[in-house]
Amino acid sequence: MAKFKLCFLNIFLVFCILLAGCVDNNQRAFYKQVYSEMAATSTAKQELAKAVLLEAEIGNKYDLYLGNSIDMAVAPETEKKAKFVAWMQALLVREAGWKYVEGKYIDQLEANFSETELKELLNLAKQPLMKKLRQAEIQAYINTTGERRELLFKVWDGFNSGVFNPPPDVQR
């Protein structure tokens with residue numbers, strides 16, 4: 001009887017080990033599939049977010065608006081200053097432009113929009129009327145460079161001459 005119990009326990013032990021191995025393999029396969037689907041979804045969502053930003057020309061706008069910091073630093077244009085401004089804008093784009101922040105923009109879109117919403121945004125960005133609106137907005141920004149620069153200098157000069165005084169809780 002003791003031999004029978006020992007034999008039964010050995011068989012039972014082997015069965016448990018085999019069962020545990022099968023369960024482990026099934027779980028690994030399941031999790032591998034789930035994780036690969038999640039990675040594919042994340043990659044697909046990232047690609048969608050990137051496509052939306054590209055189609056909506058957000059990178060171009062970012063680089064263009066980056067030049068606004070030059071508007072505040074350079075007095076109203078002369079031909080010589082125009083060359084300097086063009087050089088400085090190219091420098092800013094190269095050293096501090098869109099390529100340095102694009103990933104954060106993609107992350108922001110991924111966090112705030114579902115894959116379905118990103119597809120809708122991409123379709124919207126591809127619409128001819130939206131493209132026309134973007135181009136008009138960018139052109140208006142470019143066309144107002146001189147006025148913007150003059151207004152910024154007027155405010156800056158006013159601040160420096162005491163016309164505009166910050167409230168006490170804002171002062172240095």
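Laboratory data are not the source of any read-out in this text; all were calculated from the coordinates shown. These numbers were taken from a predicted model, which means no experiment stands behind them. All Cβ positions, glycine included, derive from the backbone under ideal geometry; neighbour counts span all protein chains shown.
Extension gain, Gln46-Asn123: 0.36 nm per intervening residue step, less the Cα-Cα distance, totals 26.1 nm.
Quick one: Cα convex hull volume of segment 67-116, Å³ per residue? Could the numbers behind the result be given before it?
Numbers: hull volume 5.0 nm³, N = 50.
Dividing the Cα hull volume of segment 67-116 by its residue count gives 100 Å³.
For the pair segment 145-164 and segment 94-124, the centres of their Cα atoms are 34 angstrom apart. Site pair Lys80 and Thr144 shows an inter-label distance of 3.0 nm when each label is modelled 7 Å from Cα along Cα→Cβ. Taking the three principal axes of the alpha carbon atoms in segment 64-172, the coordinate ranges are 53, 41, 28 Å, sorted in descending order. For segment 97-110, 3J(HN,Hα) computed residue by residue from phi via the Karplus equation (6.51, -1.76, 1.60; θ = phi - 60°) reads x, 3, 4, 7, 10, 3, x, 5, 5, 4, 4, 5, 5, 4 Hz, glycine and proline entered as x. Label separation (Ala90 vs Asn112): 3.4 nm, computed from points 7 Å beyond Cα along the C-beta direction.
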